[in-house]
Amino acid sequence: MGRTPNTSRTRTRGVVGLIVVVGALLAATLTACGNTEPRNLIESIRSGKVTLGTKYDQPGLGIRNPDKTVTGFDPSVSTYVVNHIADELGVGHPEITWRETPSAQRETLINNGEVDMIAATYSINAARAKKVDFAGPYLINYQGLLVRSDDDSITSLTDLDTGHKKLCSVTGSTPAQNVKAQLPSVQLQEYDSYSSCVEALRRSKVDAMTTDEVILAGYANFYPGEFKIVGMTYPKDACVKDVLKTAGTPFSKENYGIGMAKQYPDAVVAVNKALQKMIETGAWDKALREAIGNAYVDEMIARAEHDSQYKFFPSPSVETVESITDPTTTPTPCPAGLS
């Protein structure tokens, strides 16, 4: 007659086995989700693999193609940077994995260690600089309008203030709110993406779209002959959040930077060095022209030469970023009586 199984011992072994299995599954899940500690870009380059953040839906700046490749000015800048750092370190160029980085998720993705760095139309400002470090800027940009090429009714910002013009931008975006604050009669149409805005503009559902000029130039280059860009300056002296904006001043100025984890200042220095080299060798100008076309780049250069308020070539450095994000900078206060 066989022995009766020890039920208690069998149950114990079963529970232990279940714990092991659950633990293994949990570990696999955590690994699949990525690191939870910020990444060191330099160490990732040494390892031969980097994960770089960019946009997937902005022609000219960052677009994911049907073959799953990623192209545009931002990916070109990122690729140059990591390859230049690899050359400086004396190691091979790293294998790049691209990661889509929507605007609202950029700081989280950096600080959770899901990307090594992000170049994705990422404007440097004081609030963001509290959460991540920036290298750059690698592009200086200004707010503009995109209109249909056959529409001659909009040649300046004030042409929107007619009571029946419809302006499109992305929901909650700063560019749209800037215009709305100055031109309250504009009918603001907010969409969930710039691509949706462009399609609405193509179908004449809206009259203009506003955001950074280089983004608009990317779309204009993607749809040859369909659009033109209208510059935006203050038509008269204005008081904006108690700060004086004089007539002719650019409506906004954006400095695009490369975001990285705060723990690794050496990586910021290395990226700035790579950006400076890219500018000096002409690779930066070449990449920008390939991204948005010669016509708009030439226009940017001519405007900068004519008007000192506009700048074309950036000056990537820690000092430049500090000056952009310095909360003690005192703007010109509004004179009494100016609304």
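The values are calculated or read from the model by the stated rules, or taken from the named source; none is laboratory data. What you see is a predicted model, and the numbers here were worked out from it, not measured in a lab. Glycine also receives a Cβ, built like all others from the backbone with ideal geometry; neighbour counts cover every protein chain displayed.
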**Q.** Given (1) more than 22 Å from S317 (Cβ to Cβ); (2) buried (at least 20 other Cβ atoms within 10 Å of the Cβ); (3) of a type outside the set (G, A, S); (4) at pLDDT 90 or above, index of the condition V91 fails
**A.** (2)
Q: Tell me which of these K273 doesn't satisfy, since it passes every other one: (1) assigned to a helix (DSSP H, G or I); (2) among the basic types (K, R); (3) farther than 15 Å from V81 by Cβ.
A: (3)
Q) Of the conditions (1) at pLDDT below 95; (2) of a type in the set (A, V, I, L, M); (3) in the same structural domain as G53 (by TED's automatic domain parsing), L160 fails just one. Which one is it? A) (3)
Q) Would you say I85 is among the hydrophobic types (A, V, I, L, M, F, W, C) and modelled with pLDDT of 95 or more? A) yes
Q. Among (1) closer than 28 Å to I124 by Cα; (2) of a type outside the set (A, V, I, L, M, F, W, C); (3) touching a strand residue (DSSP E or B) at 6+ places or on another chain (Cβ under 9 Å), where does P184 come up short?
A. (3)
Q. Given K241, K236, K228, which one is in the same structural domain as A176 (by TED's automatic domain parsing), surrounded by 17 or more Cβ atoms within 10 Å (Cβ to Cβ) and charged (D, E, K, R)?
A. K228
Q | Subset of the range 297-339 (residues that are touching a Ser or Thr at 6+ places or on another chain (Cβ under 9 Å) and either of a type in the set (K, R) or assigned to a helix (DSSP H, G or I) (or both)) | A | S323
Q | Members of the range 48-71 that are under 17 Å from Y223 (Cα atoms), among the small types (G, A, S) and within 12 Å of the chain's Cα centre (by Cα) | A | G62
Q: Could you tell me whether L109 is assigned by TED's automatic domain parsing to the domain that holds E280 and more than 14 Å from the chain's Cα centre (by Cα)?
A: no
Q: Collect the residues in the range 195-239 that are assigned to a strand (DSSP E or B), out of contact with any Ser or Thr (no Cβ under 9 Å at 6 or more places or on another chain) and either modelled with pLDDT of 95 or more or closer than 20 Å to T249 by Cα (or both), keeping them in residue-number order.
A: I229
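Against the definition (under 21 Å from N40 (Cα atoms) and either of a type in the set (G, A, S) or touching a residue at least 24 places away in the same chain (Cβ under 8 Å) (or both)), how does Q263 come out, yes or no?
Judged against the criteria, Q263 is a match.
Please tell me if I140 is in a strand (DSSP E or B) and surrounded by 17 or more Cβ atoms within 10 Å (Cβ to Cβ).
Judged against the criteria, I140 is a match.
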Q: Can you give me the number of residues within the range 104-129 that are out of contact with any Lys or Arg (no Cβ under 8 Å at 6 or more places or on another chain), among the small types (G, A, S) and touching a residue at least 60 places away in the same chain (Cβ under 8 Å)?
A: 4
Q: Identify the single condition in (1) part of a loop (DSSP other than H, G, I, E, B); (2) of a type in the set (A, V, I, L, M, F, W, C); (3) surrounded by 21 or more Cβ atoms within 10 Å (Cβ to Cβ) that V82 does not satisfy, given that it satisfies every other one.
A: (1)
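What do you reckon, is L145 of a type in the set (A, V, I, L, M), out of contact with any helix residue (DSSP H, G or I) (no Cβ under 9 Å at 6 or more places or on another chain) and farther than 20 Å from S76 by Cα?
When the stated conditions are applied, L145 does not pass them.
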Q | Selection from the range 276-296 of residues that are of a type in the set (V, I, T) and either part of a loop (DSSP other than H, G, I, E, B) or surrounded by 15 or more Cβ atoms within 10 Å (Cβ to Cβ) (or both) | A | I279, I292
Q | Long-range neighbours under 6 Å by Cβ, at least six apart or interchain, first residue without any contact (Cβ under 8 Å) to a residue 12 or more places away in the chain within the range 42-67, second crowded, with 22+ Cβ neighbours inside 10 Å | A | I63/G72
